[in-house]
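K.L.:
First, the structure itself, so that you have it in front of you.
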Amino acid sequence: MKKRINLLNLVFFVPAVILSFAVWNDYKQDVARVEDRLQTVEGLFYLDGGSKVISLTDGSDGMDAILYDAATHQEVTTIHLRSNIHNQFVGTYQKGNLVIATTDDSSGLQLNVIGPGGHVEELVKGTLEFDGFLTSAVHHWNGRMLVGGETANDTFVVGEVKDGVFQTAYLNEDTGLPARPTSMSEVMGSFNDSRAVPLYELDLKDGSTAYVSGLLNAQHKAAMRIRPEGGSGFDAEDQAEQQFAALAGVDPARLWRTESGEPKQVRTYDAVKGDWGSVVKTPAPVYQAAVFPLNDRETLIFGSTAKDERKGQVTGYLYDRQTRSFTDLSQPLSSLEPKDVSSGTLSFFKETGDATLYFTDTEKSAGWLNVKGGTLTRMTGEALQTWQMAEGADRISWTSFAHYLKRGNALVINWAIWLLIPLVLFGGLGLLIRILTARQKKLTAEGTIVQGTVTRLQETGTYVNEQPMIRFDIRFEDEGVMKETSIKKVASYLHAPRVGDPVMISYNRKKNRAVFVTGDDLPQIAPKVIRDAVLTRIDSYGKAGRGEALLLHFDTGGQTYAIPVVQPNGFAYRTGDKADLMQIGGITRLYNYNRTRDPKGADQLTLEGEVIRIEHVPVEIMNRQLILFELMLSHGDQRSRKVNSQFVPVRLPVAVGAVIPVSVNKAEYEQELRLLQGKQGSANVTAVQFDGTVGERPFARIIVTRNGIPYRIEQSIEPLYGVEVGDDLWIAYDEETREAVIVQYASA
């Protein structure tokens, strides 16, 4: 019998042997086709003083920004950029980072700030969906990125990315216009330096016309001017230009522009009178020139040493308006080719105070130089493609074989499975389970636990043991920003999450990757507490239940945090007060506010709450919908009902049956469980006093009377309902200690 079992086990090696030959043949063909796998470069940018290179390539459902180390040619990280099929982008440099704008059919405008280390920040907190192409709505201007136009929901907006911060101004009747806008267009020449400042023209519902500046002021507003009746439209544009230029600190009478006729030198230009002046006196003449305003202080004049650029060398001078001096860049720029002068495809970038001058080419090349000396370095897309090949990838070697296995195609996965089957049969199952469990816990620990929603699922075409590998697209909120990620998992359609289902994931921001997590994988996560943040501003959003919806702005450590809350009657948030904030699951919330002491002790308990009822409140703040949940809380074998309102991202729906994390005061929750086991009945509120908040729920000390007997209630309350003198509450109470808790509110 023993021999029969061993022979039976050996049968499982047969598929492994057959698949081994298939894998080897596929690997040899893979080596022969190595160049076919190279990604097409759509754009190139240098970063970090030339030590990093970012390559924009076609990716799955968008573009990939691949960050390389320029010295070692090694990939540092890959950043997915959501984009539509056109893969258009606009880039600029701000605060040592690269700002990339793309557009996605489902999410609209995408603004990503990529740091030298691979850190990514999304600037667009909401959704701006512009009609038409990206390049008709987004422009690079003097180191800024300007956004403007009509959005998909018939809203008109201008925006500006400056110093890594994105601000927008929405154009409507409330901004001072006599009527609502019906169309918006760019004033001709506004974004190619024909005018002193960028201008938009608005057609209004009443037949009038308004002009809007493309630059925002310190209050993040756009200057406007109504076109007077009669007169020339050109004169009205000029008057608006002069007004907006004065507000922006630009002298329209002293502009530098390239003359239209030969030999195309740079001259002064008076946009007020439309007069051309003398040639700008550079240290040596520059012909076939182009002017690049780099920032608020510096301008680059770029061109040729000869009137016929093919007979001269490339040259250029950097002018600083503050010091009124030129920096000669002729020597490093001379390494460029004459065709670079006439192509008109180069764009130059330089930040004030930074010695690095970057340039990029729509022909898919990029370069940089140090303006204080040094040579110019240039990289082409074709040259960068060689970096995508690992050393030895174009020949048979252990290195190329290892890279082949890492890519894990369907054949490799099946081969690996059939190799594992005999090992499992020979006693390796326990070891395999430990390895997989350890890997899952490692991946979970490396990320941040957040809740997401399945937006799409699709078969990849790979099957493992007759089970399909499914790609799940997950939408979730991280640090106040809506994001999307994809997770591939072998699963049966019978047991896999479906579109709209809530799921828990662990999201690794550095690697921009995520894995599913289950209750067994969840670690005990302590929220990050931010102490002593000062409330600096309060915005009202109208009624919410019996209270008022507010957006609180807290400042601490040079950062501002905006937190939506509901303020019940009798309780007031006041500017100047201090609060502790907490960050958990990528979301910033109140930990406590203006407390005189930690009510019932400071220990917080994070519980799982199963949603058993949902009520949508007609309040939306910062793309978050106010929702009242009725939850069944679980703590060990104890269960209790609780109502709790939360501001939930609009695009992150939560359905009945979902499990969400709920933070409660430990001592308060234990008291509630104890009192719920006693008597219950109605009671009338005779006094209410507030003492700050526990989380976003005001902490109240309430006196109620039942049958003439007073009872004390000390607990945090649901702000949508609130508690006021005269309310009739349903309470759970203890006749001996005279303690009570609220079971049902007057407005519940």
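The values are calculated or read from the model by the stated rules, or taken from the named source; none is laboratory data. Nothing here was measured: the structure is a model prediction, and the numbers come from that model. Note: ideal-geometry Cβ built from the backbone for every residue, glycine included; neighbour counts use all protein chains shown. What goes into the accessible areas is simple: the full protein's heavy atoms, side chains included, and nothing from ligands, DNA or RNA. Shrake-Rupley method; radii C 1.70, N 1.55, O 1.52, S 1.80 Å.
K.L.:
Taking a point 7 angstrom from the Cα of Asn153 along the C-beta vector, which residues in the stretch 177-211 have backbone N less than 15 Å away?
P.N.:
Within reach of a label on Asn153: no residues.
K.L.:
Could I ask something else about it? Excluding same-chain residues fewer than 8 positions from Lys95, which lysines have a Cα within less than 19 Å of its Cα?
P.N.:
Output for Lys95: Lys52, Lys162, Lys350.
K.L.:
Could you please report the charge total around Thr588, scoring K, R as +1 and D, E as -1 over all other residues with beta-carbon less than 10 angstrom from its beta-carbon? Provide the component values of the computation, followed by the final result.
P.N.:
On the way: positive: Lys528, Arg589; negative: Glu479.
Neighbourhood net charge equals +1.
K.L.:
Can you give the helix-only mean residue ellipticity at 222 nm for the chain, where every DSSP H stretch with n ≥ 4 adds -39500 (n - 2.57) and the sum goes over all residues, rounded to the nearest 500 deg cm²/dmol? Intermediate results must be reported in sequence, preceding the final value.
P.N.:
Numbers: 10 runs with 114 residues, N = 748.
Only helices count here, giving -4500 deg cm²/dmol.
K.L.:
Right, next: If you stretched the chain out fully between Ser260 and Leu405, how much longer would it get, using 0.36 nm times the residue separation minus the C-alpha to C-alpha distance? Spell out each step's value before the answer.
P.N.:
Values: separation 145, 0.36 × 145 = 52.20 nm, distance 5.87 nm.
Difference between extended and current length: 46.3 nm.
K.L.:
While we're on this one: Taking a threshold of 23 Å on the Cα-Cα distance, which of the pairs Lys28/Lys406; Lys483/Lys642; Lys543/Lys666; Lys273/Lys307 fall above it? Working shown, then result.
P.N.:
Details: Lys28/Lys406 15 Å; Lys483/Lys642 30 Å; Lys543/Lys666 31 Å; Lys273/Lys307 29 Å.
Among Lys28/Lys406; Lys483/Lys642; Lys543/Lys666; Lys273/Lys307, the Cα-Cα distance tops 23 Å for Lys483/Lys642; Lys543/Lys666; Lys273/Lys307.
K.L.:
Just to be sure I understand the model, the point goes 7 Å from the Cα along the line to the Cβ. What's the resulting Ile413 to Asp532 distance in nm?
P.N.:
Output for this residue pair reads 5.4 nm.
K.L.:
Right, next: If I stretch the segment between Thr606 and Asp637 completely, what's the gain in nm (0.36 nm per residue apart, minus their alpha carbon distance), one decimal?
P.N.:
On the way: separation 31, 0.36 × 31 = 11.16 nm, distance 1.53 nm.
Additional length available on full extension: 9.6 nm.
K.L.:
Also, I was wondering about something else. Would you mind checking the radius of gyration and Dmax of the chain based on alpha-carbon positions, in Å?
P.N.:
32.0, 106
K.L.:
Still on this model: Under Stokes-Einstein, with the Kirkwood radius over Cα pairs standing in for Rh, what whole-number D in µm²/s applies to the stretch 249-395 at 4 °C and 1.567 mPa s?
P.N.:
Working: Rh = 16.5 Å.
Roughly 78 µm²/s, to the nearest whole number.
K.L.:
What FRET efficiency would be calculated for the residue pair His86, Ser347, taking the C-beta separation as r and a Förster radius of 22 Å, to the nearest 0.05?
P.N.:
On the way: r = 19 Å, r/R0 = 0.86.
Plugging the Cβ-Cβ distance into 1/(1 + (r/R0)^6) gives 0.70.
K.L.:
Using a Förster distance of 45 angstrom, determine the FRET efficiency expected from the C-beta separation of Glu620 and Ser232, and round it to 0.05.
P.N.:
Numbers: r = 44 Å, r/R0 = 0.99.
In this case the efficiency is close to 0.50.
K.L.:
Can you figure out the FRET efficiency of Lys281 with Met469, using R₀ = 56 Å and their beta-carbon distance, to the nearest 0.05? Don't skip to the answer; put the middle values down first.
P.N.:
Working: r = 67 Å, r/R0 = 1.20.
Efficiency at R0 = 56 Å is approximately 0.25.
K.L.:
Accessible area per residue of the chain at 1.4 Å probe, in Å²? Walk me through the intermediate numbers first.
P.N.:
Values: 36740 Å² over 748 residues.
Using a 1.4 Å probe on heavy atoms only, each residue of the chain averages 49 Å².
K.L.:
Please list, ordered by chain and number, the residues whose modelled amide H lies under 5 Å from the amide H of Arg513; skip anything fewer than 5 residues away on the same chain.
P.N.:
Asn508
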